[in-house]
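Before any comments, here is the structure.
The values are calculated or read from the model by the stated rules, or taken from the named source; none is laboratory data. Everything numeric in this text was worked out from a predicted model, so none of it was measured. Here the Cβ positions follow ideal geometry from the backbone for every residue, glycine too, while neighbour counts run over all protein chains shown. These accessible areas exclude ligands, DNA and RNA; they are computed on the full protein's heavy atoms, side chains included. Shrake-Rupley method; radii C 1.70, N 1.55, O 1.52, S 1.80 Å.
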Amino acid sequence: MSVQLQLEDDWFEVCDRALLQPGRGIAALLPDGRQAALFIDRAGRAYAIDNRDPFTGAAVLSRGLLGAAAGRPFVASPLLKQRFDLESGRCLDDDSVTVQTHTVRLA
């Protein structure tokens, strides 16, 4: 089984599903040179957001800590600890900041 991201109208195979472990993220290089941070939760739902932390510019969100706030999954940046909603990309600590999300499918 593979993990795929939707990029525009096409699906891009990112990695083997076995590489995703609940509670841990991985970084994937996209065809345009950007990076995505991929996560899977304990229920088997997969998420992908840009790996770049907008507050520092560092590509580190894949190394963040996973959690939930009001039932919504988030990743906390390992640098300054801002939390990003994995479904919407919205920063839970600064409403003016978001990261791009990507549609994920397990195929």
>> I'd like the Kirkwood hydrodynamic radius of the chain, using the inverse of the mean 1/r over distinct C-alpha pairs, in Å.
In response: 13.6
>> What figure, in Å² to the nearest 10, do you get for the accessible area of VAL14 with a 1.4 Å probe and non-protein molecules left out?
In response: 30
>> Counting other C-beta atoms within 10 Å, and keeping those with at most 16, which DSSP coil chymotrypsin sites (Phe, Trp or Tyr not before Pro) do you find in the stretch 30-69?
In response: PHE55
> Which loop trypsin sites (Lys or Arg not before Pro) in the stretch 3-107, with loop taken from DSSP, have no more than 16 other Cβ atoms within 10 angstrom of their Cβ?
Replying inline: ARG24, ARG34, ARG42, ARG45, LYS81
> If you put +1 on each Lys and Arg Cβ and -1 on each Asp and Glu Cβ, how big is the dipole of the stretch 38-83 around its Cα centre, in Debye rounded to 20?
Replying inline: 120
